[in-house]
Structures are given as C-alpha cells and as structure tokens.
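Working notes for the structure below.
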Amino acid sequence: MKQPFRAARQRGFTLVELMIGMGLFLIVVGASLALFSEETPLFRQQQNLTRLNLSLRNAATQFQLDVVNAGTGYFAGANVPNFPIGVTIVNNDPAANANCYDAATHTYGSTCFDALNVIATQSGVPLIHPTDIGTNCVSTTSSTLFGNPAPGDTAAQDAAFFKTGDQLLLIKADGSQMASVVLTKDGKASGAKIQLQHNPTGANGTNTSSNDPLGISTNPNNKLGITFCDTDWILKLSPVQYWVDASDQTNPRLMRSAGGSTDVLADQIIGFKVGATIWNGTADTDSATYNYVASSYAYDYTLVRSVRISLIGRTPPNNDPKFVFRNPFDNGPYQIQGISIVVNPRNLSMND
C-alpha cells in the first residue's frame, strides 16, 4: 500500500547554527578591525614622513634657485668686476640661548634658527650716480642723498622708482666700499636731481637693524664707507629673505619673502643653519670648512663664495601614550628628516 505523499520539509538555520555563524563573523570582523586600527597609525606616520620629505626637498630646490643667483644685477649696470655682496647671514647659537628649546614641551623659539638674505638688485630700476647739490660727493651720515638721473631720463621719472621702505645699496665704482640705507620718504625731483630721504648711517658706515633689515651694515667691517661720488652707484635692492617664524612655538615655519610677498615653505622646522666659506680662506680652516658664525670672517660678506644650508623638519608631535618612539635629535615624540645643500653663487666668483 502506498504511503501518503508528504511535502519535503523546508529547513533553515537553527538558533544554535545562527549563533555559531554570528560568533565566527564577529571574530573575523573583530580581527579585521584590530588589524586596521594597528595599521592606521603606521599609514598616517608614513603619510607624514612623505609630506615632510617633499616639503624639505621643495625648500632645498627653492634655496638653490635663489642663492645661485645671489648678486644678480650688479655687473650689468654698475660694472663692478668684483661683486660687492650676494648674501648676508644671521647666525644664532642655540646652545647659548637658554630659551631656544623647551625639552618638556618640545617647543622651539626664534633664537634656535639662522636667517639668510639673498641680495640682488631690482630689475627695471635705473642705476643712478650719487652726487650732492653743489658738490660731486654725498655722505650717508646725512639724512638726504641726491643722485643724477639715468641718461635720457628726467629726475621725476627716476624718482618715481624709489618708495618709502626701499633699501638701497651704495657702492664704489670698483666695489671697494659700500653702504646701505632704507628710505623714509618717496623719492622726488629736486631741480635736475633725485632727492632720497633716509635714516643716516653712523660715522663708520654702520646702521641699525631697523634701518638695515638685510644686515649689510649692522656690524662694522672694512667694506663699509660713507662717502660716494658721481662715478659711484646707487642700487635699489630686491632681496629674498629666509627665516623661521616661531611665533607658534609648537609649529616653527620656514618663511620666504620676495617681491613684497611672504610664503610658508615648510611646517614643523626644528633646525635651520647657514654656513659660508670665503674666497681667501686658508687650506686648513675657512676653505676646508663652513663658518657658522659670521664674526669669524669679520662680517665681511663680500668674501662669501659658497653657502651651505642645513634644514631639519619633524612630523607633527604625537603625544599618545602608546606612541613610544623618540627620535635621536631632541628625544621628541616625532620622526625627523634633514637635508643639506651647498650652493656656489655664480655671480660671486669673478676677479678672485
């Protein structure tokens, strides 16, 4: 006798099977999340290192482009066979400045870093000869300079190139002496001459840092002078300046200023040193090593022929207690990278 037909029973997951499946799923997901959480900081560290590397390399490239052209513009107009000056360097000694670095907070102050000024003349501005009214020579100890306009120009035309705050370089025709002043008024025509108002220099040609922000004449040296005559030159400068802005000591930033514009080249800079060699150094001292104190060559920047720039940067500090890494430079909770370049300004090697 045939058995009655029975429909096949539809089976699903039992509660036990579901719980086992969910448990396995949670184990796999948990392991994945744990691996992800471990890898995320490593990935972030690698990103920070890559960003740091690129910023240092970009800064080094900018240094090379600017410093190699130091001294541009003198020869074309001022026919000086031995270029007077291409860079000035402000050196700081971190070891001598107690407030430079705070090891407890890993913060840096402005006295930790050097500064570099690349000197060049302003293109398109006529180079004029100094001459006083009634005489052939001017003195920078006076607050007023006069100059003859360039051939074919009127005094009013050339006076319009000189504005308040412009820094000028006066140099002898043979480059033997120089002086630097900052204008306190716009240039103007005075009869057939150009009148330039400025803060006077000292009797030895020195000036204060506020009246000479490029540091050309802030320290006495044997290249400074005060008397310039109608065969000498007045040049309007267009410098490039590098320094570290440590107003936020948790994030010192490398700055570049040129043409009235200031830009940030790199963040988290913890080392910026600039050294120089001089053309007449002896074999076992100056020409063999770089001087990191400008007084070692008596602040005579006309001797500089090679510049070495060293830069150290860091990744953002990581204060997570789980981050146990400490770097060998300052024992801070961040990774560091450094770069160093040597640049020989191509305009400063003549007549040596």
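The values are calculated or read from the model by the stated rules, or taken from the named source; none is laboratory data. Values in this document were obtained by computation on a predicted structure and should not be read as measured data. Heads up, the Cβs are rebuilt from the backbone with ideal geometry, glycines too, and the neighbour counts pull from every protein chain shown. What goes into the accessible areas is simple: the full protein's heavy atoms, side chains included, and nothing from ligands, DNA or RNA. Shrake-Rupley method; radii C 1.70, N 1.55, O 1.52, S 1.80 Å.
If you stretched the chain out fully between Ala95 and Val264, how much longer would it get, using 0.36 nm times the residue separation minus the C-alpha to C-alpha distance?
58.2 nm
Can you work out the accessible area per residue across the chain, with the rest of the protein chains kept in place, probe 1.4 Å, in square angstrom?
52
Modelled label-to-label distance, Val324 and Leu18, 7 Å Cα→beta-carbon offset: nm?
Inter-label distance under the simple model: 4.5 nm.
Given a 1.4 angstrom probe, I'd like the percentage of the accessible area of the chain that is carbon and sulfur, rounded to a whole number.
56
Of the listed peptides 317-323, 139-145, what is their order by residue-averaged count of other C-beta atoms within 10 Å, with the highest listed first?
139-145, 317-323
Considering the dipole of the stretch 160-250 built from charges on the beta carbon (Lys and Arg +1, Asp and Glu -1) around the Cα centre, which of Val182, Leu196, Asn222 is farthest to its positive end?
Farthest towards the positive pole: Leu196.
Using per-residue counts of other Cβ atoms within 10 Å, averaged over each peptide, order 291-299, 190-198 from highest down.
Result, highest mean first: 190-198, 291-299.
Answer rounded, prolate or oblate for the stretch 234-352, using the Cα gyration tensor with square roots of eigenvalues a ≥ b ≥ c: rounded when a/c is under 1.5, else prolate when a/b is larger than b/c, else oblate.
oblate
Defining a contact as two alpha carbons under 8 Å apart and six or more residues distant in sequence, what relative contact order in percent does the stretch 170-228 show?
Value for the stretch 170-228: 36 percent.
Given axes a ≥ b ≥ c from the Cα gyration tensor, I'd like to know whether the chain is rounded (a/c under 1.5), prolate (a/b larger than b/c) or oblate.
prolate
Return one number: the angle in degrees, 0 to 90 and rounded to the nearest 10, between the long axis of the Cα atoms of helix 15-67 and the longest principal axis of the Cα atoms of the chain.
10
Have a look at Tyr108, Ala276, Thr231 and report the one farthest towards the positive end of the charge dipole of the chain, computed about the Cα centre with Cβ charges (Lys/Arg +1, Asp/Glu -1).
Tyr108
Please compute the contact order of the stretch 101-235 in relative form: average sequence separation of alpha-carbon pairs under 8 Å and at least six residues apart, divided by the residue count, as a percent.
29
Which ³J(HN,Hα) values, rounded to whole Hz and listed in residue order, are derived for the stretch 178-184 from phi using the Karplus coefficients 6.51, -1.76 and 1.60 in 6.51 cos²θ - 1.76 cosθ + 1.60 with θ = phi - 60°, glycine and proline given as x?
Karplus-based 3J(HN,Hα) across the stretch 178-184 equals 8, 8, 9, 9, 10, 6, 9 Hz.
Which of Asn48, Asn327, Asn199 ends up with the largest GNM mean-square fluctuation for the chain, with Cα atoms connected below 10 Å?
Looking only at Asn48, Asn327, Asn199, the largest GNM fluctuation is found for Asn327.
What order do Ile85, Ile336 take when sorted by accessible area (1.4 Å probe), most exposed first?
From most accessible down to least: Ile336, Ile85.
At a Förster radius of 41 Å, what calculated FRET efficiency corresponds to the Cβ-Cβ distance of Thr141 and Asp102, to the nearest 0.05?
E between Thr141 and Asp102, to the nearest 0.05, is 0.40.
Which of Gly187, Gly175, Gly134 moves most in a GNM of the chain, Cα contacts under 10 Å?
Result for the chain, Cα springs under 10 Å: Gly134 fluctuates most.
Note down the magnitude of the dipole of the chain about its Cα centre, charges +1 on Lys and Arg C-beta and -1 on Asp and Glu C-beta and zero elsewhere, to the nearest 20 debye.
Dipole size: approximately 1820 debye.
Can you tell me the length gained on complete extension of the stretch Ile27 to Ser176, counting 0.36 nm per residue apart and subtracting the Cα distance?
45.5 nm
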